[in-house]
Amino acid sequence: MRAHHFPLAVFAGVLCLCQSYTLRSSVSWVVSSNDVVEDADLSEEVAPALLVDSAGLWKQAYPSSNVLGDGADSPGELAKPESDNVAQLSSRLFSYRLEKVKKSGSGGPPPHQETARTARYIAHYSYWGHLSTISTQDKIKGLPFGNIFSVSDGPLDNSTGVIYFYMTPMDYTVSDLRSNPYASLTFSEAEGEFCRQMVYDPEDPRCARLTLTGKMVEVAPEELGFAKEAMFSRHPVMAKWPVGHKWFFMKLELVQVWLQDWIGGVSLIPLEDYFTATPF
């Protein structure tokens with residue numbers, strides 16, 4: 001072999017031995033040729049099938065065997081398959097990293113046909129929600145204003161369906177409620193692990209959403225003991241928040257229970273059915 005051809009031959013040999021790498025979250029890992037998925041056919045005929053079994057599409061595109069484990073020190077140390085029945089899926093539906101799916105002590109959500117029970121399940125196992133009020137702020141006076149609040153409907157072993165809050169007068173939302181006490185509180189099942197496990201986008205109707213609308217009122221003195229237990233048992237750090245902020249307890253007296261938990265429409269759940277149901 002001529003001398004000037006030798007470097008070219010060595011470079012070609014190195015290329016033949018290399019494997020391809022894909023960049024994900026600034027970390028590279030090996031991808032075999034069998035893992036490459038051609039562009040999916042998203043025609044009208046195919047789209048409904050993808051909606052029914054979307055996990056299959058994402059399993060093909062991002063097989064779990066190619067997802068780095070938390071303890072991996074190099075691209076060669078790939079996450080091992082799950083030993084139990086929980087499928088470890090990787091998806092770009094979520095901007096945060098998909099961690100190992102843990103079995104919830106709740107045993108998972110109820111069947112979607114049980115709408116009242118599903119609503120109570122979401123209300124009980126949600127630790128925070130999005131509260132919407134009519135603003136009193138100068139620039140957006142009279143317009144909707146949303147804020148995040150930690151909530152509880154009781155200790156984990158005692159669900160009431162009544163949502164409690166720990167509020168401070170320093171919050172803009174409290175000013176809004178003094179002017180107009182009516183508000184809507186929205187929860188998403190995406191807060192938990194079910195939607196991530198099933199690879200449902202938060203806007204997918206199968207990833208349930210619950211909106212409770214009603215009147216925000218201060219908790220009466222005879223109910224303060226339970227409200228404190230409900231909030232502090234679920235949010236222990238609240239007990240150490242500065243007393244100078246003049247924290248007090250509020251609750252939401254319901255007017256309407258709105259639920260979207262499946263394809264095909266929403267449910268307006270009668271209050272009697274909501275309070276009679278159990279999340280357990």
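FYI, it's all coordinate maths here, none of it is from the lab. None of these values were measured; they are calculated from a predicted model. Here the Cβ positions follow ideal geometry from the backbone for every residue, glycine too, while neighbour counts run over all protein chains shown.
Data overview
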item	result
Filtered residue count, the range 234-280, keeping only those that are within 25 Å of A116 (Cα to Cα) and of a type outside the set (A, V, I, L, M)	20
Filter result for W262 (out of contact with any strand residue (DSSP E or B) (no Cβ under 6 Å at 6 or more places or on another chain) and within 16 Å of P110 (Cβ to Cβ))	yes
Subset tally (residues that are surrounded by fewer than 13 Cβ atoms within 10 Å (Cβ to Cβ) and under 16 Å from H235 (Cα atoms)) for the range 138-155	1
Enumerated helices (runs of 4 or more DSSP H) restricted to the range 183-280, each holding at least 2 residues that are free of Cβ contacts under 8 Å to residues at least 60 places away in the same chain	224-234, 271-276
Top-ranked residue of the range 158-181 - restricted to ones that are of a type in the set (S, T, Y) and farther than 15 Å from F249 by Cβ, ranked as surrounded by the most Cβ atoms within 10 Å (Cβ to Cβ)	S159
